[in-house]
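Reviewing the structure listed below.
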Amino acid sequence: MRRLAPLLVAVVVLVVAGCGGGGKSTAAPSNSVIDVSRAFSDAGLAFTSEVTSNPYIANQQVYLPGKLNGTALQEHVLAFLSGSHITTHTGWVAWVFDSNANCAKALKQLALDKWGVGQTKITRATKSNVIAVGAGFGGSEKSKFDAAIAGLH
């Protein structure tokens, strides 16, 4: 029995530590949807709409730009957020991915300069698991967009 005691202790330590487990990682994203919403709101750019993907609800999918739309990456977007100011003719959107890796994968498949198009000046940024695009940002409005991005983790 004395010989088995150290082995039993080692097995218990390994089980408690989770060694040898084959489960999926449950690491939280760098920025939650609430974190992103708060960062933009604190910068004076509150979102007015949120779309999430749910494969069990018909037509409930986040839109991804260009060739990414309709790919499996849609399932890795926690939310698509959007907002606008009619008086300043500005609009902004953010895709919040479930991980930094999936955000990087999206950017590898479609370069940041391809996210968002239009006649007005387009501002693009990415930080951790977030891709943000703004339209019409210049002067003091641009500083709000920059502050929102700086407020992300």
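Just so you know, all these numbers are worked out from the coordinates, no wet-lab data involved. For clarity, every value in this text was computed on a predicted model and none was experimentally measured. Every residue, glycine as well, gets a Cβ built from its backbone with ideal geometry; the counts of neighbours run over all protein chains shown.
Structure data summary
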| item | result |
| --- | --- |
| Karplus-derived 3J(HN,Hα), 6.51/-1.76/1.60, for each residue of segment 139-150, Hz, glycine and proline x | x, 5, 5, 5, 5, 5, 4, 4, 5, 4, 5, 5 |
| Order of 75, 50 - criterion: other Cβ atoms within 10 Å of each residue's Cβ, fewest first | 75, 50 |
| Segment 28-150, relative contact order [Cα under 8 Å, separation at least 6], % | 27 |
| Net charge, residue 123 excluded, C-beta distance under 15 Å - Lys, Arg +1, Asp, Glu -1 | +3 |
| Amide N of segment 120-150 lying under 15 Å from the label point, which is placed 7 angstrom from the Cα of residue 67 along Cα→Cβ | none |
| Residue 150-residue 51 pseudo-label distance in nm [points 7 Å out on the Cα-to-Cβ vector] | 3.1 |
